[in-house]
Amino acid sequence: VLPHSFPTRRSSDLAAGAVVWRKRTNGIVEIAVVHRPKYDDWSLPKGKVEPGESAIAAGYREVLEETNLETQFGPFLDSVSYFSPDGEKQVDYWAAKYIGDELPFVPNQEVDQMKWLELPAATDELTHETDQQMIGKFLETTFDSTPLILLRHAKAVSRDEWRKDDSDRPLDDLGRTQANRLISTLQVFNISQIHTSDAVRCFDTIFPFAKSRKYEVKTTKKLSEDAFYKDKDKSIEYVHGLLKEENSILVCSHNPIIPRIVEKLVKKSDLDLDVEKLQPGDAWVIHHAKKTVLQIDKLAVPLV
C-alpha cells in the first residue's frame, strides 16, 4: 500500500507513467508499449511531472500524449529511481485500464510507434530492466479493480474566523486553488458518480471538477459532521453501500469521518495500513472488486 502518491521532490526530478492494459474477449491481457526514436528503445509510456502537477495527473497526461489512449487509472504499482546526466530521477507508475474506443495512433517527436503485446512478449520487448520489473509489479497487483475516492474538502476559512453556521463555512484562497488543481487529478479515475456532504466547503471542493465534466452531484447530510456526531454509523453505511457499484465514485467529506470509514475497511481486509487524518484536499483511494478492498492509496494535492 502506498503512503503517498505525489512528489515530495522537485517536479524536474520526477516523472510518472503507467502500465496500460486491456483484456481481450478471450481473457488475455495485453500491455501497451511505445517506441522512442530519440533513444531507439521500447518503453512504458511515461514523462516528466510539470510544476504544480500531481504525479498521477502527469502519468495520465503522458499516457494520452504518447498513445492516444483513454485510460482509467487504478492501483499504484511502485516507484523506480535511476541516474541520468541531469542527476537522480524518480518515476512513479500506476496500472491504467484502457477504456473506450481506440483512436488511431498518431506518431510524434517523442513516440513514433505504439503496439499491444501479450505477456510475456511485452516484457521481452521492453528495453530497460526497470520497465520489465514494473510489469512484474503489475502482475503482483490486483489491477482489475474499481476506485472509490474518499476526498477531504480543500482548505476552508478557519472556524475561529467564521461566525456563522459551520456548514456554511467556505473555502479560503488556498482551498479554491486546490479545488481547481483537483480537476486534472480526479479526471484520471473516470469518475461516474459524485457524492458530497452538504457543507459548503465540501460542495465547493468538488464543484470545479463536476462542472468541467458536466457531472451531477448528489448532496447528502449523511456525509456531514453533524450527522456523524449524532450517529457515527450512518456515514459508514452510506459509503459501504457505494462499494457495491462497479463504477468509479468520488465522495467528499470531512475529518474525522473519512479516517473512521477507512479504518473499518482495513479491518475487514488483509491490508496493513496506518490510517491517518487527511490534510485538506487529500484523499484515500479505495481499490475494490465485488465489495472486497484490494488496495488503498493515499492521494495528496500539491500546494506549490
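The values are calculated or read from the model by the stated rules, or taken from the named source; none is laboratory data. As the structure is a prediction and not an experimental result, all values here were calculated from the model. Counting neighbours? That spans all protein chains shown, and the Cβs are built from the backbone with ideal geometry, glycine included. Accessible surface areas use protein heavy atoms only, side chains included; no ligands, DNA or RNA. Shrake-Rupley method; radii C 1.70, N 1.55, O 1.52, S 1.80 Å.
Quick notes on this structure:
- Unmet criterion (only one of (1) at pLDDT 90 or above; (2) surrounded by 14 or more Cβ atoms within 10 Å (Cβ to Cβ); (3) over 21 Å from GLN133 (Cα atoms)) for VAL34: (3)
- Residue count for the stretch 106-120 satisfying the condition of being modelled with pLDDT under 95 and under 24 Å from PHE138 (Cα atoms): 2.
- Just one of (1) within 25 Å of GLU246 (Cβ to Cβ); (2) open to solvent by 40 Å² or more (accessible area, probe 1.4 Å); (3) not aliphatic (A, V, I, L, M) fails for GLU88. It is (1).
- Counting only helices (runs of 4 or more DSSP H) wholly contained in the stretch 219-272, the ones carrying 2 or more residues that are open to solvent by less than 60 Å² (accessible area, probe 1.4 Å) and over 19 Å from LEU299 (Cβ atoms) occupy 225-230, 232-242.
- Every condition in (1) open to solvent by less than 70 Å² (accessible area, probe 1.4 Å); (2) assigned to a strand (DSSP E or B) holds for PHE83 except the one numbered (1).
- Of the residues making up the stretch 147-170, those that are more than 30 Å from ASN190 (Cα to Cα) and among the small types (Gly, Ala, Ser) number 1.
- Filtered by the rule that a residue be free of Cβ contacts under 8 Å to residues at least 40 places away in the same chain and over 28 Å from VAL285 (Cβ atoms), the stretch 87-108 gives PRO104, PHE105, VAL106, PRO107.
- Restricting attention to the stretch 124-143 and to residues that are of a type in the set (S, T, N, Q) and open to solvent by 30 Å² or more (accessible area, probe 1.4 Å), the residue that is nearest to HIS35 (Cα to Cα) turns out to be THR127.
- Qualifying residue in the stretch 155-176 (condition: in contact with a Leu (Cβ under 8 Å, 6 or more places away or on another chain), part of a strand (DSSP E or B) and surrounded by 19 or more Cβ atoms within 10 Å (Cβ to Cβ)): yes
- Some residue of the stretch 142-151 being part of a loop (DSSP other than H, G, I, E, B) and of a type in the set (Gly, Ala, Ser): yes
- Of residues in the stretch 134-189 being among the small types (Gly, Ala, Ser) and under 20 Å from VAL63 (Cβ atoms), the one nearest to the chain's Cα centre (by Cα): SER184
- Of all residues in the stretch 91-123 being among the charged types (D, E, K, R) and not in a strand (DSSP E or B), the one that is surrounded by the most Cβ atoms within 10 Å (Cβ to Cβ): GLU110
- Here PRO51 meets each of (1) more than 15 Å from the chain's Cα centre (by Cα); (2) within 20 Å of PHE189 (Cβ to Cβ); (3) in contact (Cβ under 8 Å) with a residue 24 or more places away in the chain; (4) not in a strand (DSSP E or B) with one exception, condition (2).
Per-residue answers, yes or no, for (1) among the charged types (D, E, K, R); (2) modelled with pLDDT of 95 or more; (3) in contact with a Gly (Cβ under 6 Å, 6 or more places away or on another chain):
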{"position": "ALA154", "(1), (2), (3)": "no, yes, yes"}
{"position": "ARG176", "(1), (2), (3)": "yes, yes, no"}
{"position": "SER184", "(1), (2), (3)": "no, yes, no"}
{"position": "VAL188", "(1), (2), (3)": "no, yes, no"}
{"position": "HIS195", "(1), (2), (3)": "no, yes, no"}
